[in-house]
Amino acid sequence: MAPTSGQAFGIDIGGTGIKGAIVDISTGKLATERRRIPTPQPSTPDAVAKVVAELVHGADWHGEVGATFPAVIKNGVARSAANVDPAWVGTDVDKLFTEVVGAGNEVVVLNDADAAGIAEARWGAAKGVNGVVIMLTFGTGIGSALLMNGTLVPNTELGHLELDGHDAETRAAASVRDEHGMSYKKWAQRVNRYMQHVERLFTPDLFVVGGGVSKNADKWVPLLELQTPVEPAQLLNDAGIVGAAMAAAERKGE
């Protein structure tokens, strides 16, 4: 379908599933039902690109497309590969997806946590917040997005800060809580230690915490002892799709 004013197509690529929908960028809401296709195994560039094309073509979409990717993305090129095939490193993801989607659809690719940060800044917990906002997503690892007055500073990878001699996400990711059967109280102590470290480095005006564990924010966020306000993410499972679509639409408007 041809885009109406204020729409873009968003795709969220994860280790187990790839989701896509048309987004109304004037409201941050999905304009169509979200479609999910399992991530191919192995998740090679060609295999994932075919799924991206299937989502866009299945929606009969012609217009701006944004896609998240679980990697450092610099100028459209993957510089790392988390939870996807190592063959992605060095791949021009923008170019690959644009070629397979075709039909005049230019695809903009960005890191998955960065996309979630954009979504929360435009339509979620950080809407209207000036200054420094840091979004942290707690899942298999820890993703991060840094925004200054709503402008993204990409590829921060704050989950890999060294803390007490460890890669921080190996101590405080949500997967660590699950793996060790930790209570929210015990896990929150680790999260608090990590977030205090980030706070000292960046002195943010707001933290936004996301990932699946944010649905139970009432069980651990009140236990944090920080100078900075902390808000649970609001867009949840739609954040990647919405943020990707917003990034595509905003690049067109530059």
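Observations
- Put simply, the Cα atoms of the stretch 42-157 extend 39, 31, 23 Å along their principal axes, the longest span coming first.
- Extending 7 Å from the Cα toward the beta-carbon at both residue 227 and residue 203 defines two label points whose distance is 0.7 nm.
- Dividing the summed -39500 (n - 2.57) terms of all DSSP H runs of n ≥ 4 by the residue count of the chain sets its mean residue ellipticity at 222 nm at -9500 deg cm²/dmol.
- Taking a ≥ b ≥ c as the square roots of the eigenvalues of the Cα gyration tensor, the chain is prolate, since a/c reaches 1.5 or more and a/b is larger than b/c.
- Stretched out straight at 0.36 nm per residue, the stretch from residue 179 to residue 59 would grow longer than its current Cα-Cα span by 39.4 nm.
- Screening the chain for whole DSSP H helices of 18 Å or more along their axis (Cα) with average Kyte-Doolittle hydropathy at least -0.5 returns 45-58, 239-253.
- For the chain, built as a Gaussian network whose Cα springs stay under 10 Å, the top-fluctuating residue of 37, 11, 241: 37
- Neighbour count of at most 16 Cβ within 10 Å plus DSSP loop: longest trypsin sites (Lys or Arg not before Pro)-free window in the chain: 128-254
- Charge-dipole axis of the chain as Lys and Arg at +1 and Asp and Glu at -1 on Cβ define it, positive-most pick from 117, 223, 236: 223
- Shape call, the stretch 80-135: gyration tensor on alpha carbons, a/c limit 1.5: oblate
- The stretch 1-74, Rg to Rh (Cα coordinates; Rh as Kirkwood inverse mean 1/r): 0.97
- Here residue 50 and residue 193 are evaluated by their C-beta separation; at R0 = 51 Å the FRET efficiency comes out at 0.75.
- Across the options 6, 68, 144, the greatest Cα extent toward the positive end of the charge dipole of the chain (unit charges at beta carbon of Lys, Arg, Asp, Glu) belongs to 144.
- Per residue accessible area of the chain, 1.4 Å probe, in Å²: 45 Å²
- Springs join every pair of Cα atoms under 10 Å in this Gaussian network model of the chain, and among 135, 148, 182 the largest mean-square fluctuation is at 182.
- Potential extension, residue 37-residue 103 segment - 0.36 nm per residue separation minus Cα distance: 21.6 nm
- Additional length obtainable on full extension of the chain from residue 186 to residue 27, 0.36 nm per residue less Cα span: 53.4 nm
- Between the listed residues 23, 176, 128, the Cα displaced farthest toward the positive end of the dipole of the chain, a dipole computed from Cβ unit charges relative to the Cα centre, is found at 176.
- The count of lysine pairs in the chain that are at least 8 places apart or cross chains, and whose C-alpha atoms lie under 28 Å apart, stands at 28.
- Overall, the chain carries a charge dipole of about 520 debye about its Cα centre when +1 sits on the Cβ of Lys and Arg and -1 on the Cβ of Asp and Glu, all other atoms neutral.
- Of all accessible heavy-atom area on the chain, the percent that carbon and sulfur account for (1.4 Å): 48 percent
The values are calculated or read from the model by the stated rules, or taken from the named source; none is laboratory data. Everything numeric here is computed off the predicted structure, so don't read it as measured data. Cβ atoms come from the backbone with ideal geometry, glycine included; neighbour counts cover every protein chain shown. To get the accessible areas, we keep the full protein, side chains included, count just its heavy atoms, and leave off ligands, DNA and RNA. Shrake-Rupley method; radii C 1.70, N 1.55, O 1.52, S 1.80 Å.
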